[in-house]
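The values are calculated or read from the model by the stated rules, or taken from the named source; none is laboratory data. Predicted model, so just to flag it, every value in this text is computed and none were measured. Don't worry about glycine lacking a Cβ; one is built from the backbone with ideal geometry, like all the others, and counts go over all protein chains shown.
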């Protein structure tokens, strides 16, 4: 599947927003980068869907601009004024060329979902490969109001239980894209989360 990080050139803080080009061209998260609409248009003439992993500001700041430009249906777990379809745990949807299962993964955010196919994981912020805190297996912060390390740990455990063997591509909300044994990266993230050390001890 052809996947592009359309916020890769951002000069200000944003999540990674992924354009999955294929049978059902899909944008996973909209990001906070000015000019994301132009970045999408460099790769695709239209969008068939926009899917949110969660609704933190760095993931949705440019959502209205994207929806206005492409008139694509919005899929999200939590209520949103422009949501067309509510996502629920266990739903399936075509992202690019891959059939993905929706896995409810709260802890970092109450409305967080991840998307898992036989080959790819769109993990949002629940698990990332590298983010400046840890390399080769990290996890979303849980030190702010409404967040829970215990619930995040449960979510990562659930993700591991439902992720097929052989997933080789991880597209996370921050840090770099990872290609390789995704299960090993997620397992390392779980081990680090279970240590219950502060992710950012100086903050």
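Of the conditions (1) within 26 Å of residue 146 (Cβ to Cβ); (2) in contact with a helix residue (DSSP H, G or I) (Cβ under 8 Å, 6 or more places away or on another chain), residue 9 clears all except one; give me its number.
Every condition holds for residue 9 apart from (1).
Can you report the number of residues in the stretch 161-183 which are exposed (fewer than 14 other Cβ atoms within 10 Å of the Cβ) and without any contact (Cβ under 8 Å) to a residue 40 or more places away in the chain?
So the answer is 4.
Test of understanding: among 125, 131, 150, which residue is surrounded by fewer than 17 Cβ atoms within 10 Å (Cβ to Cβ) and in contact (Cβ under 8 Å) with a residue 40 or more places away in the chain?
Values: 125 fails: surrounded by fewer than 17 Cβ atoms within 10 Å (Cβ to Cβ); 131 fails: surrounded by fewer than 17 Cβ atoms within 10 Å (Cβ to Cβ).
None of the other options fit; the residue is 150.
Could you tell me whether the stretch 53-64 includes any residue that is closer than 23 Å to residue 118 by Cα and at pLDDT 95 or above?
Yes - at least one qualifying residue is present in the stretch 53-64.
Name the residues in the stretch 101-122 that are surrounded by fewer than 17 Cβ atoms within 10 Å (Cβ to Cβ) and either over 15 Å from residue 56 (Cβ atoms) or touching a strand residue (DSSP E or B) at 6+ places or on another chain (Cβ under 8 Å) (or both), would you?
Kept after step one, since they are surrounded by fewer than 17 Cβ atoms within 10 Å (Cβ to Cβ), are these residues of the stretch 101-122: 110, 118-119.
Once the filter is applied, which keeps residues that are surrounded by fewer than 17 Cβ atoms within 10 Å (Cβ to Cβ) and either over 15 Å from residue 56 (Cβ atoms) or touching a strand residue (DSSP E or B) at 6+ places or on another chain (Cβ under 8 Å) (or both), the stretch 101-122 yields 118, 119.
Of the conditions (1) farther than 19 Å from residue 152 by Cα; (2) within 15 Å of the chain's Cα centre (by Cα), residue 66 clears all except one; give me its number.
(2)
Considering each of 72, 86 in turn, give the residue that is at pLDDT 95 or above and closer than 23 Å to residue 147 by Cα. Give the steps one after another, and end with the answer.
Working: 72 fails: closer than 23 Å to residue 147 by Cα.
From the options 72, 86, the qualifying one is 86.
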